[in-house]
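Visitor: I'd like to ask you about the structure that follows.
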Ligand code: PMT
């Protein structure tokens, strides 16, 4: 079946013995109906000839910035705009290192830096190179940058050694690509709202009560929903990070009251709302319109009044909207999370604990347990927030697409 009909794929090939497998991968993609543009590094050409690849793809292979015959400039920017997906297979330690560090000294890594589409990388190298801390660091950097890593397999390597480092088989990579495109359409037509970041509750024109939320978790969830075709609105508290996907609508708010107003007005039109924001439970009862002077008093009391609970209000008026809350806990984690899930009438709650060093505010990683109203529970190991977002959206999608 032509499962990749109409899809534009850039296939990047760097210089490793596994480059011979790229011909099989290319054939598997073409057979599935994809249009494939091969981009090679200079050393990739030492392992497999561009003539083979251009015959299979029906397109000249791109490997230099300028064509040797015509002097024509090959635009890496145009390739980035044309492609629906970029797959680098095999990716050597050298290419991965360049990608992780923004080095742009050949056509392949330059195309990567211009890529607007999802990028997948299938590493292939000797086992000691794969295990080396610098390779692992670079792979982790790519993961944080949103690149999907197709883990190498364990087995016999070209060096004669046995271990992890063999590129995944071409048919398995082609299947991963099919699944990626299936997923990218799976939430088309669904409207999703995600809250992210902190709220600031003003004391006077220069001071506020706030918290350390960076917005990273909420933004990663928004990006993931959007990558699967959902129409996403983010209601963001004051954060300095930016959304990558221009298709995501962003409403900026400052206080809990403003976040409440934005969420309530979006609720009726939403299939799912994910409440990842760290909302202040209380705000000063009176906000001074002038900066409060230090010399006024020896000590001072700021009276706080309760903010609206956005999650609980949405839970009360829920009309088919799937509600996913978060619980940030410091003790009796599960007990408190389940109590919040019930009190706020949520469908799911995502528990993260401040006691886990890899979880919570500002970090690039999180460690979560997702609990459903029906009592299902799934605990995940620590992962990048991007991967945590994938896990959460995988779970929620099952109910969203029923
Ligand atoms: O932004 P990052 O730096 O990436 O950090 C991510 C995070 C730690 C902020 C995130 O993973 C998280 O746990 N967010 C929820 C934090 C929180 O405020 O939890 P809570 O247990 O106090 O609130 C429970 C739920 O009720 C949350 O879904 C919250 O958004 C919601 N709530 C809380 C208070 C309130 N007035 N209105 C609400 O809707």
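Visitor: What is segment 121-277 by shape, rounded, prolate or oblate, if you read a ≥ b ≥ c off the alpha carbon gyration tensor as root eigenvalues and call it rounded for a/c under 1.5, prolate for a/b larger than b/c, and oblate otherwise? Before the final figure, lay out each step's value.
Guide: Values: a/c = 4.82, a/b = 1.95, b/c = 2.48.
Verdict is oblate for segment 121-277.
Visitor: Now for a different question. For the chain, modelled as a Gaussian network with Cα springs under 10 Å, which listed residue fluctuates most, 206, 62, 87?
Guide: Comparing 206, 62, 87 in the GNM, the peak value goes to 206.
Visitor: What translational D, rounded to a whole number of µm²/s, comes out for segment 193-330 from Stokes-Einstein when the hydrodynamic radius is the Kirkwood one over Cα pairs, at 4 °C and 1.567 mPa s? It would help to have the intermediate numbers written out before the result.
Guide: On the way: Rh = 16.0 Å.
My calculation gives 81 µm²/s for D.
Visitor: Given R₀ = 30 Å, what would the calculated FRET efficiency be for residue 299 paired with residue 252, taking r from the Cβ atoms and rounding to 0.05?
Guide: Details: r = 35 Å, r/R0 = 1.17.
Step by step, r from the Cβ atoms, then E = 0.30.
Visitor: Rounded if a/c is under 1.5, else prolate if a/b beats b/c, else oblate: with a ≥ b ≥ c from the C-alpha gyration tensor eigenvalues square-rooted, which is segment 1-124? Can you show the working numbers first?
Guide: Numbers: a/c = 1.23, a/b = 1.20, b/c = 1.03.
Taking the square roots of the gyration eigenvalues as a ≥ b ≥ c, segment 1-124 is rounded.
Visitor: Starting from the Cα-Cα distance between residue 291 and residue 104, subtract it from 0.36 nm times their residue separation and give me the gain in nm to one decimal. Mind showing how you got there, number by number?
Guide: Details: separation 187, 0.36 × 187 = 67.32 nm, distance 5.00 nm.
Full-extension gain reported as 62.3 nm.
Visitor: When a/c reaches 1.5 or more, the comparison of a/b and b/c decides; with that in mind, is segment 146-203 rounded, prolate or oblate per its Cα gyration tensor? If you can, show how the numbers build up before the last one.
Guide: Numbers: a/c = 7.73, a/b = 1.97, b/c = 3.92.
Note, shape of segment 146-203 comes out oblate.
Visitor: Right, next: Grab the Cα-Cα distance for residue 379 and residue 20, subtract it from 0.36 nm times how many residues apart they are, and report the gain in nm with one decimal. Write down the numbers at each step before the final one.
Guide: Details: separation 359, 0.36 × 359 = 129.24 nm, distance 3.99 nm.
That works out to 125.2 nm of additional length.
Visitor: Evaluate E = 1/(1 + (r/R0)^6) for residue 356 and residue 334, where r is the Cβ-Cβ distance and R0 equals 22 Å; express this FRET efficiency to the nearest 0.05. Walk me through the numbers before you get to the answer.
Guide: Details: r = 13 Å, r/R0 = 0.59.
Computed FRET efficiency for residue 356 and residue 334 comes out at 0.95.
Visitor: If each residue of separation counts as 0.36 nm, what is the full-extension length gain between residue 78 and residue 281 once their alpha-carbon separation is subtracted?
Guide: Working: separation 203, 0.36 × 203 = 73.08 nm, distance 4.84 nm.
Between residue 78 and residue 281, full extension yields 68.2 nm more.
Visitor: With labels modelled as points extended 7 Å from the Cα through the Cβ direction, what inter-label distance (nm, one decimal) is found for residue 265 paired with residue 394?
Guide: Inter-label distance under the simple model: 3.7 nm.
Visitor: Next question. Between 230, 122, 51, find the one with the highest GNM mean-square fluctuation for the chain; connect C-alpha pairs within less than 10 Å.
Guide: Result for the chain, Cα springs under 10 Å: 51 fluctuates most.
Visitor: Hey, another quick one. What is the distance in Å between the Cα centroid of segment 123-169 and that of segment 312-338?
Guide: Using only Cα atoms to place each centre, the spacing works out to 39 Å.
Visitor: Which semi-axis lengths, in whole Å and largest first, follow from the square roots of five times the eigenvalues of the Cα gyration tensor of the chain? If you can, show how the numbers build up before the last one.
Guide: Numbers: eigenvalues 421, 100, 86 Å².
Working from the Cα gyration tensor, I get semi-axes of 46, 22, 21 Å.
Every number here is computed from the coordinates shown, using simple stated rules; none is lab data. All of these numbers come straight from a predicted model, not from anything done at the bench. Cβ coordinates were reconstructed from backbone atoms using ideal geometry, including for glycine residues, and neighbour counts include every protein chain displayed.
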